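Okay, structure first, notes after.
The values are calculated or read from the model by the stated rules, or taken from the named source; none is laboratory data. Since the model is a prediction, treat every value here as computed from it, not as a measurement. A quick note on method: Cβ atoms are made from the backbone with ideal geometry, for glycine too, and the neighbour counts reach across all protein chains shown. Surface accessibility is based on the protein's heavy atoms, side chains included, excluding ligands, DNA and RNA. Shrake-Rupley method; radii C 1.70, N 1.55, O 1.52, S 1.80 Å.
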Amino acid sequence: MQQSNMSPRGRRTIYGLFVMLLLAVLAGCSSLKLAYNNGDTLLYWWLDGYVDLNSEQKGWVKDDIDRLFQWHRKSQLQDYIQLLQTAQRQLSSGPTQADLQNDYDDIKRRTEALLLQATPQLAELARSLQPEQIATLERKFAANNAEFRKKNMRGDKEAQQRYRFKKSMEQFELWFGNFTAEQEAQIRQASDARPLNNEIWLDERARRQNSILALVRKVQSEKLGKEATQALIQTLIKEGFRRLDNSERSAFFNAAEEGNIKLVLTVIQLATPTQKAHAQRRMQGWIDDFRSLAAQQR
């Protein structure tokens with residue numbers, strides 16, 4: 001039920017694994033099983049932090065989230081196992097840039113499918129929002145943008161590149177372990193080769209947020225029914241995933257995507273056998289966790 005802030009366009013396997021890892025890190029849990037088993041509660045508190053759910057909403061929102069997780073556990077986790085197994089094979093044989101490009105598309109498709117699956121629940125929530133909750137949502141968006149500005153746009157270009165590199169290295173180290181100074185220097189070159197324009201990313205965030213605010217205000221002011229609200233939400237989701245492809249800034253977004261793929265490819269090519277074995281063990285741990293989660297009945 002989360003708004004997607006993916007940038008740039010999503011695709012599968014190796015890079016997708018970093019996306020999934022990031023979700024676990026953001027959940028505040030070192031264990032994937034622990035994060036997933038508490039995901040319904042974490043998602044509830046995430047939503048509550050955005051709109052300040054009232055007493056009437058809390059019960060059925062929890063039920064809606066629970067049903068969404070039941071669907072995800074039954075229909076998606078086996079796919080994740082296959083994805084991870086493909087990643088293990090790719091890491092062993094060495095993926096090409098084309099492999100990673102194709103992989104990226106699958107993550108995008110999976111994320112869009114998850115959001116579309118949540119459309120009925122999102123519609124019910126949108127229809128229930130009160131004016132003060134929409135105002136809370138707007139303030140939360142503004143606070144998030146201020147935080148983005150503070151973290152990503154501080155200092156000159158060199159400072160922003162350094163911060164971006166640091167955040168990337170945190171993810172790479174979780175997968176591969178420590179890197180040598182020589183490896184880090186080469187990764188930094190690949191990181192800095194990516195186009196950098198945080199003003200564009202901030203503006204894209206604001207556009208998505210304004211579209212969401214416009215939608216919930218329309219639903220509230222026109223008292224739209226469930227079907228009409230679902231249609232609006234589905235259109236918003238689909239347009240959000242096509243936005244970067246059809247944007248007047250598509251050249252920048254394409255270059256950013258290519259730079260991200262080359263960065264991941266650089267890391268894989270630089271990784272030693274020991275570092276790759278570290279990543280293989282982490283992936284196998286996730287495979288085992290997903291199998292265990294898929295077998296659980298809730």
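Exactly one residue out of 275, 280 is in a helix (DSSP H, G or I), out of contact with any Asp or Glu (no Cβ under 8 Å at 6 or more places or on another chain) and open to solvent by 40 Å² or more (accessible area, probe 1.4 Å), and it is 280. For segment 199-212, check the following and say yes or no: at least one residue is part of a helix (DSSP H, G or I) and more than 30 Å from residue 121 (Cβ to Cβ). Yes: segment 199-212 contains one or more residues that are part of a helix (DSSP H, G or I) and more than 30 Å from residue 121 (Cβ to Cβ).
In segment 226-235, the qualifying residues are those that are open to solvent by less than 50 Å² (accessible area, probe 1.4 Å) and touching a residue at least 24 places away in the same chain (Cβ under 8 Å), and the one that is farthest from residue 107 (Cα to Cα) is 229. Among the conditions (1) in contact (Cβ under 8 Å) with a residue 60 or more places away in the chain; (2) more than 30 Å from residue 255 (Cβ to Cβ), the only one that residue 115 does not satisfy is (2).
Looking at segment 114-165 only, could you name the residues that are of a type in the set (A, V, I, L, M), over 20 Å from residue 62 (Cα atoms) and either outside any helix (DSSP H, G or I) or open to solvent by 40 Å² or more (accessible area, probe 1.4 Å) (or both)? Passing the criteria: 142, 143, 146, 153.
Pairs linking a residue in segment 263-282 that is over 9 Å from residue 176 (Cα atoms) to a residue that is open to solvent by 40 Å² or more (accessible area, probe 1.4 Å) and at pLDDT below 95, with Cβ atoms under 6 Å and 6 or more positions apart or on different chains, are 264/15; 265/97.
Within segment 30-67, the set of residues being in contact with a helix residue (DSSP H, G or I) (Cβ under 9 Å, 6 or more places away or on another chain), among the polar types (S, T, N, Q) and modelled with pLDDT of 85 or more comprises 41, 54, 57.
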